Ligand code: SN0
């Protein structure tokens with residue numbers, strides 16, 4: 001089993017329950033992963049994903065090896081047939097089987113280049129790791145998706161959900177850099193599988209691929225979208241259709257208390273890292289609405305539930 005998208009999960013609610021059970025007793029399966037090795041490859045920086053996945057694996061008794069492939073390793077070539085007389089030093093066809101021979105399960109982080117939509121959305125880097133390591137692979141955020149984050153978000157929503165069917169709003173926020181669509185795509189596709197009322201608000205031009213957003217309501221008017229929200233998920237992403245471009249830096253879309261006037265009970269979520277006072281105000285980040293730390297904590301149990309399933313399958 002690979003874990004690269006919600007498509008790899010049959011019953012989202014059951015996986016969320018399994019993660020919540022693990023949270024109550026994290027060491028209940030402390031021997032399940034004994035003598036198994038998890039290899040983590042980071043082509044990009046990480047704080048939470050790296051440490052929460054290591055912690056999850058150690059709760060299951062696994063050994064973990066992690067590399068910052070962007071800095072520590074030989075530069076990897078991903079192009080088939082490349083004449084390697086430039087800056088790349090070894091081919092994925094040579095490097096990945098080595099990793100596969102050392103590890104039982106692999107985790108891969110590979111951000112998009114944000115230059116070519118076709119290249120990024122083909123997930124050629126993740127696919128080559130899957131193909132050439134020959135091991136079950138979990139996505140630690142790929143070019144287009146971040147499923148472990150989304151699972152942690154589903155756990156957080158399940159824990160904090162009100163008695164009624166909650167209204168969840170994914171709210172685009174400004175940023176200084178062009179960011180991937182991965183967190184937003186992924187959150188959308190997981191929300192479409194949860195028992196929630198899901199809406200997305202962003203400036204025109206920031207539409208995500210409808211493959212991920214499904215039947216979600218798209219509401220450009222942010223104030224209207226936020227009205228009556230139970231959960232507001234703040235995230236920046238660059239344009240999908242004008243691929244990788246920043247079309248707006250509208251500061252009025254930074255989430256503040258004022259914007260939540262029509263949503264008195266709203267809890268605020270962000271996957272971190274967050275640019276304070278650009279994406280959300282300090283008053284929100286430090287205030288009682290914030291679920292940001294709860295989400296980060298739940299990353300451990302998201303990773304643990306997924307690793308447990310992969311280990312039980314082998
Ligand atoms: C990444 C993203 O996909 O948006 C990782 C989120 C988990 N975020 C960033 O790269 C933020 C970089 C920055 O400069 O703020």
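Every read-out reported here was derived from the displayed coordinates using simple, explicitly stated rules and does not represent laboratory data. Computed from a predicted structure; not experimentally measured. Please note: Cβ atoms are built from the backbone with ideal geometry, for glycine as well, and neighbour counts cover all protein chains shown.
Largest GNM mean-square fluctuation across 157, 76, 125, computed for the chain with C-alpha springs under 10 Å, falls on 76. The distance separating the Cα centre of the range 80-99 from that of the range 266-293 comes to 41 Å. Model label points for residue 44 and residue 224, set 7 angstrom from Cα along the Cα-to-Cβ axis, are 3.3 nm apart.
At 0.36 nm per residue, minus the direct Cα-Cα distance, what do residue 11 and residue 70 gain on full extension? Give it in nm, one decimal, please.
Working: separation 59, 0.36 × 59 = 21.24 nm, distance 3.49 nm.
Full-extension gain reported as 17.7 nm.
In this simple spin-label model, placing a label point 7 Å from the Cα along the Cα-to-Cβ direction at both residue 195 and residue 177 gives a separation of 3.9 nm.
Note down the relative contact order for the range 257-307 as a percent, whole number, built from C-alpha pairs under 8 angstrom at least six residues apart. All intermediate terms of the calculation are to be shown ahead of the outcome.
Details: 30 pairs, mean separation 19.6, N = 51.
It comes to 38 percent, rounded to a whole number.
Calculated from DSSP H runs of 4 or more alone, at -39500 (n - 2.57) each and per residue, what is the 222 nm mean residue ellipticity of the chain, nearest 500?
Working: 11 runs with 110 residues, N = 314.
Rounded to the nearest 500, it is -10500 deg cm²/dmol.
Computed on the chain, with alpha-carbon pairs under 8 angstrom and 6+ residues apart, the relative contact order is 20 percent. Spin-label pair residue 131-residue 164: with each label point 7 Å from Cα along the Cα-Cβ axis, the two points sit 5.0 nm from one another. Relative contact order of the range 1-112, taken over Cα pairs closer than 8 Å and 6 or more residues apart, is 30 percent. Size descriptors for the range 196-250, from the alpha-carbon set: Rg then Dmax equal 11.5, 32 Å. Cα centroid separation, the range 134-157 to the range 164-236: 17 Å. GNM on the chain, alpha-carbon springs under 10 angstrom: the most fluctuating residue among 238, 101, 142 is 101.
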